[in-house]
1. For the stretch 135-222, take the alpha-carbon Rg, divide it by the Kirkwood Rh, and send me Rg/Rh.
2. Let me have the relative contact order for the chain, percent, based on Cα pairs under 8 Å that are six or more residues apart.
3. Roughly what would the spin-label model give for residue 208 and residue 224, points 7 Å off Cα along C-beta, in nm?
4. If packing is taken as the average number of other Cβ atoms within 10 Å across a peptide's residues, how do 133-140, 25-32, 184-191, 44-51 rank, most packed first?
5. Which of 107, 129, 168 ends up with the largest GNM mean-square fluctuation for the chain, with Cα atoms connected below 10 Å?
6. Based only on other Cβ atoms within 10 Å, what is the fewest-to-most ordering of 8, 144?
7. With springs only between Cα atoms under 10 Å, which of 202, 15, 24 fluctuates most in a Gaussian network model of the chain?
8. Considering Cα pairs under 8 angstrom that are at least six residues apart, work out the relative contact order of the stretch 117-245 and quote it in whole percent.
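Computed from the coordinates by the stated procedures, all read-outs in this text should not be read as laboratory data. Please read these numbers as outputs of a predicted model, since none were measured by experiment. Every residue, glycine as well, gets a Cβ built from its backbone with ideal geometry; the counts of neighbours run over all protein chains shown.
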């Protein structure tokens, strides 16, 4: 097998930005271990997938060990974990949250990335450089009514990234805001009732005015930044602001 310098673990690998990450990484001839609830239909010698529902209890150590076993055939100097899987549900005004949906969202958006990052740090071979990329959201900073659970979970992952950067200076950890991207999540947002998400009209207008970014463009920009010397200089980054610089 041809040696590769960097290998990637990607969650939410079967759709949206995650699927674009996988496609573009494979096009660079780099190996990928994809984690998704539904198996991704990918047949490629540099790809191995694992089915796991990250919204429920799972064995993070076993998943990272499985990835490392697959990557053992490649000559690596860098290992990357991209925590991409997430959900915007439940969208509701506080006082109306369905309890089970809250627990599911917090587990997927916050608990799972922390557990996978913890296993990644524990198991990272000493000879390899490690990078953590967490897909976050501007909702971590902007208080959108109806997104209390989503915003709180993303704020949590932002702060986790800051702490990891302090704890492990040699390990790059970045929470990334991808902007408003034309994925199934946006379709889910537009299908809500205004009573549950008062900013509904704003997001419908973004679609109507062709103001959504495309997943392939966002994935390309993020992967480019991930490979740059600047990655890790800040613990929380908005990809749109980088594009404006």
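1. On the way: Rg = 14.9 Å, Rh = 14.4 Å.
On the Cα set of the stretch 135-222, Rg over Rh gives 1.04.
2. Details: 444 pairs, mean separation 46.5, N = 245.
The value is 19 percent.
3. Calculated label separation equals 3.2 nm.
4. Working: 133-140: 23.5, 25-32: 17.9, 184-191: 14.8, 44-51: 16.2.
Going by the mean number of other Cβ atoms within 10 Å, highest first, we get 133-140, 25-32, 44-51, 184-191.
5. Taking springs between Cα atoms under 10 Å, the residue moving most is 168.
6. 144, 8
7. Looking only at 202, 15, 24, the largest GNM fluctuation is found for 202.
8. Working: 152 pairs, mean separation 36.9, N = 129.
RCO, the stretch 117-245: 29 percent.
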